[in-house]
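Colleague: Just dropping this structure here.
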Amino acid sequence: QVQLVESGGGLVQPGGSLRLSCAASRIIFSIYTMGWYRQAHGKQRELVASVTSGGSTNYADSVKGRFTISRDNAKNAVYLQMNNLEPEDTAVYYCNAAKITGAYWGRGTQVTVSS
């Protein structure tokens, strides 16, 4: 069974940084588009950033210039470096692995930005 396990969430002050990690197992990691999504309380889940198997990246406008997604195919891992965090970034962050035939989700990690 495919597993995506997120880590690195926590409580951080505005302006601070966090690095999220997602470890994937039981998939051919390199062929998947990997993404980070988030869901704030009472809101719909939204795409934060994604990186294709070829390394092309895409970001939500709200995080451009602050967040960086990267992947390490040798480690079956994808990362999200989050800098200059804002209270509006508070959400549960989910790792996603997608290809044409379907997608997998992790269980999420909480990120709270508060003073």
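Colleague: Would a scan of segment 33-41 turn up a residue that is of a type in the set (F, W, Y), open to solvent by 50 Å² or more (accessible area, probe 1.4 Å), in contact with a strand residue (DSSP E or B) (Cβ under 7 Å, 6 or more places away or on another chain) and modelled with pLDDT of 95 or more?
Modeller: Checked against the condition, which is being of a type in the set (F, W, Y), open to solvent by 50 Å² or more (accessible area, probe 1.4 Å), in contact with a strand residue (DSSP E or B) (Cβ under 7 Å, 6 or more places away or on another chain) and modelled with pLDDT of 95 or more, segment 33-41 yields at least one hit.
Colleague: Taking segment 13-32, which residues are part of a strand (DSSP E or B), surrounded by 12 or more Cβ atoms within 10 Å (Cβ to Cβ) and either over 12 Å from the mean Cα position of the chain (by Cα) or modelled with pLDDT under 95 (or both)?
Modeller: Across segment 13-32, the qualifying residue is only A24.
Colleague: I've got another one for you. If I ask for residues that are open to solvent by less than 50 Å² (accessible area, probe 1.4 Å), in contact (Cβ under 8 Å) with a residue 24 or more places away in the chain and more than 11 Å from the chain's Cα centre (by Cα), which ones from segment 46-74 would you list?
Modeller: V63
Colleague: Please list, ordered by first then second residue, the pairs with beta carbon atoms under 7 Å, 6 or more apart or interchain, first in segment 88-112 and free of Cβ contacts under 8 Å to residues at least 24 places away in the same chain, second in a strand (DSSP E or B) and open to solvent by less than 50 Å² (accessible area, probe 1.4 Å).
Modeller: From segment 88-112, the pairs are A103/N96; A103/A97.
Colleague: If I filter segment 75-106 down to residues being of a type in the set (V, I, T) and surrounded by 16 or more Cβ atoms within 10 Å (Cβ to Cβ), which single residue comes out as farthest from V12 (Cα to Cα)?
Modeller: This residue is V78.
Colleague: Consider G9 carefully, then state whether it is within 12 Å of T90 (Cα to Cα) and among the small types (G, A, S).
Modeller: For G9, the condition - within 12 Å of T90 (Cα to Cα) and among the small types (G, A, S) - is met.
The values are calculated or read from the model by the stated rules, or taken from the named source; none is laboratory data. Note that the structure is predicted; figures quoted are calculated from it, not measured. Note: ideal-geometry Cβ built from the backbone for every residue, glycine included; neighbour counts use all protein chains shown. Just the protein is used for accessible areas: all its heavy atoms, side chains included, with ligands, DNA and RNA removed. Shrake-Rupley method; radii C 1.70, N 1.55, O 1.52, S 1.80 Å.
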